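This report concerns only the one structure given below.
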Amino acid sequence: MVYLARKNNCIKNMTKKEKVDFVIQKLEELFPEVPVPLDHKDPYTLLVAVLLSAQCTDERVNKVTPSLFKVADNPKEMAKVPVDTIRKIIKPCGLSPSKSKAIAGLSNILMEKYNGEVPKTFEALEALPGVGHKTASVVMSQAFGFPTFPVDTHIHRLMFRWGLTNGKSVEQTEKDAKRLFPEHLWNKLHLQIIFYGRKYSPARGFKIENSPIDQKIMRKSLLNKLKS
């Protein structure tokens, strides 16, 4: 498939491979260093933080977790904390009834089955309460260095905007990202896309003049809507 890109006020044909190379180059230029957005000190605190981030901003999670981890920052201690106490602390993150039960439940399971350690497989992680594929992917990537491509709303939106996936589902976006981008870049690249989406290509208040990647490779149908 051929895409149109503007360069030096001229239109040139750009293949999907060229688009991918351009995205990698531009993201590395803009975000050579990408910190893990959620504050944590070990796999367990990362797991809890990622669970809390569902339908909640990382910024808010980072404001809540210090209070939670002051009460308990490991599964042994967390398993002793009443669910209602956890719920009250994490209430600002939303969905606190289900999230508090999940945190208590997974803490107990980690003690009973894994000697207090966070397991290092997708199968084991996704079997824990409140842990879906995305949460497991983040933990596998950022805690254990396993190559994964966790897809959040920013990545799903931008992969579609850039014509790199059809946008039908998060699962399809993940498959396309893994197919298009080199595996050794996945762990850093998914964070770079998230940071890019937040700063240059948000869902609301989007202005193409602020987004160097969208200016060059935005999906033609979306570009035409901006012009109309």
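The values are calculated or read from the model by the stated rules, or taken from the named source; none is laboratory data. Quick caveat: nothing in here was measured; it's all calculated off a predicted structure. Neighbour counts are summed over all protein chains in view; Cβ atoms, including those assigned to glycine, are modelled from backbone coordinates with ideal geometry.
The set of residues in the range 163-201 being under 18 Å from residue 31 (Cα atoms), part of a loop (DSSP other than H, G, I, E, B) and of a type outside the set (Ser, Thr, Tyr) consists of 181, 182.
Among the residues of the range 157-193, those that are among the small types (Gly, Ala, Ser), out of contact with any strand residue (DSSP E or B) (no Cβ under 7 Å at 6 or more places or on another chain) and surrounded by 15 or more Cβ atoms within 10 Å (Cβ to Cβ) comprise 167, 177. Taken over the range 109-145, residues that are surrounded by fewer than 20 Cβ atoms within 10 Å (Cβ to Cβ), hydroxyl-bearing (Ser, Thr, Tyr) and not in a loop (DSSP other than H, G, I, E, B) amount to 1.
Can you find, within the range 109-167, the residue that is nearest to residue 218 (Cα to Cα) among those that are more than 18 Å from the chain's Cα centre (by Cα) and acidic (Asp, Glu)? Here the residue is 123.
Here the condition is being in contact with an Asp or Glu (Cβ under 9 Å, 6 or more places away or on another chain), surrounded by 14 or more Cβ atoms within 10 Å (Cβ to Cβ) and over 13 Å from residue 107 (Cα atoms); of 50, 71, 61, 36, it holds for 61 alone. Of 91, 80, all but one fail to be more than 26 Å from residue 198 (Cβ to Cβ), in the same structural domain as residue 127 (by TED's automatic domain parsing) and not aliphatic (A, V, I, L, M); the exception is 80. Among the residues of the range 42-60, is any touching a His at 6+ places or on another chain (Cβ under 7 Å) and in contact (Cβ under 8 Å) with a residue 24 or more places away in the chain? Yes.
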